[in-house]
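One structure is given below, encoded as structure tokens.
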Amino acid sequence: MHQSIVKWSSFLLTIFCLYSIPASTAFGTTSEEYRKLRQRMVREYIENPRVGDTIEDSSVLEAMRSVPRHKFVRPGLRNRAYQNTPLPIGHGQTISQPYIVAFMTTSLNLEPEDRVLEIGTGSGYQAAVLAEIVKKVYSIEIIPELAKTARERLKNLNYNNVTVKQGDGYYGWREHAPFDAIIVTAAPSHIPPPLMEQIKSGDRLLVPVGPPFHVQQLMLVKKTEDQSFQKQGLMPVRFVPFRRETD
Ligand code: SAH
């Protein structure tokens, strides 16, 4: 008697679970729900930010609507993936907040045929946003475990136009230089000279410069046709420190 009650109740529980779980995923939020959260993130934090300029570049907005940011953070943080906030990715590093990613990508003024170098792959999210817009992305990450995870993640998400290597990005990536744009997502105390050499004339380098763990200045550096540099401070930012292989 007792056994049959147990059997019946577990049968009913199974039926209840099958009907209460959304069809596309066994547990938690569906990809359609994530897509809606992403649309809202772009509308509220990027097109209509409370602080900062609105982002209008349609290719950047489209990329921000497409890249599944929740797949670039730990499962336990997925419910916060579409808030306008940086999130920890392990090893003391963070994935930048969506508005900053959109702002930096817009500042690079990208074209579909561009080849871009990123220093600081981290989770791979910024690389994926770039990869939605340009032909080829090279990205360098100094922490071996992060480089490996980001490489696998980008491959699983079919970002076949991104190449990740582990190393100290201070020296850039000479074999593939010069680049149409370079973006640095960790803050060095000064602009690494090799990176200035590896942009094409007329093109741009975006880098947060300043002391570690303080407010830094996001600098846009343009190489002029006569090989001199024009530097412009875009906004105060807070990035994790730029590390060196000797650290
Ligand atoms: N763009 C990343 C955010 C990265 S946080 C994303 O979208 O998730 C900054 C990253 O820069 C960290 O992962 C850090 O390990 C890396 N980094 C710091 N100094 C570096 C260096 N010299 N070369 C390459 N990567 C570096």
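Residues are listed down the side, and each one gets a yes or a no for (1) modelled with pLDDT under 95; (2) of a type outside the set (Asp, Glu); (3) over 23 Å from Arg238 (Cα atoms):
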{"residue": "Leu18", "(1), (2), (3)": "yes, yes, yes"}
{"residue": "Ser59", "(1), (2), (3)": "no, yes, yes"}
{"residue": "Ser66", "(1), (2), (3)": "no, yes, yes"}
{"residue": "Arg69", "(1), (2), (3)": "no, yes, no"}
{"residue": "Phe72", "(1), (2), (3)": "no, yes, no"}
{"residue": "Arg80", "(1), (2), (3)": "no, yes, no"}
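Residues of region 133-157 that are charged (D, E, K, R) and either under 22 Å from Pro75 (Cβ atoms) or crowded, with 20+ Cβ neighbours inside 10 Å (or both): Glu141, Glu145, Lys148, Arg151, Glu152, Arg153, Lys155. Considering region 165-185, the residues that are crowded, with 20+ Cβ neighbours inside 10 Å and either within 9 Å of the ligand (Cβ to nearest atom) or modelled with pLDDT under 95 (or both) include one that is nearest to Gly122 (Cα to Cα), namely Thr185.
Of all positions in region 197-206, none carries a residue that is surrounded by fewer than 19 Cβ atoms within 10 Å (Cβ to Cβ), within 23 Å of Leu130 (Cα to Cα), modelled with pLDDT of 95 or more and within 15 Å of the ligand (Cβ to nearest atom). Selection of region 165-182 for residues being outside any loop (DSSP other than H, G, I, E, B) and of a type outside the set (Val, Ile, Thr) yields Lys165, Gln166, Gly169, Tyr170, Tyr171, Arg174, Glu175, His176, Phe179, Asp180, Ala181. Among residues of region 112-138 being in contact with a strand residue (DSSP E or B) (Cβ under 7 Å, 6 or more places away or on another chain) and of a type in the set (D, E, K, R), the one that is nearest to the ligand (Cβ to nearest atom) is Glu118. Tell me, please, whether a residue that is among the aliphatic types (A, V, I, L, M), within 12 Å of the ligand (Cβ to nearest atom) and in contact (Cβ under 8 Å) with a residue 40 or more places away in the chain can be found in region 149-160. Looking through region 149-160, none of the residues is among the aliphatic types (A, V, I, L, M), within 12 Å of the ligand (Cβ to nearest atom) and in contact (Cβ under 8 Å) with a residue 40 or more places away in the chain.
The values are calculated or read from the model by the stated rules, or taken from the named source; none is laboratory data. Just so it is clear, the model here is predicted, and its values are computed rather than measured. Neighbour counts are summed over all protein chains in view; Cβ atoms, including those assigned to glycine, are modelled from backbone coordinates with ideal geometry.
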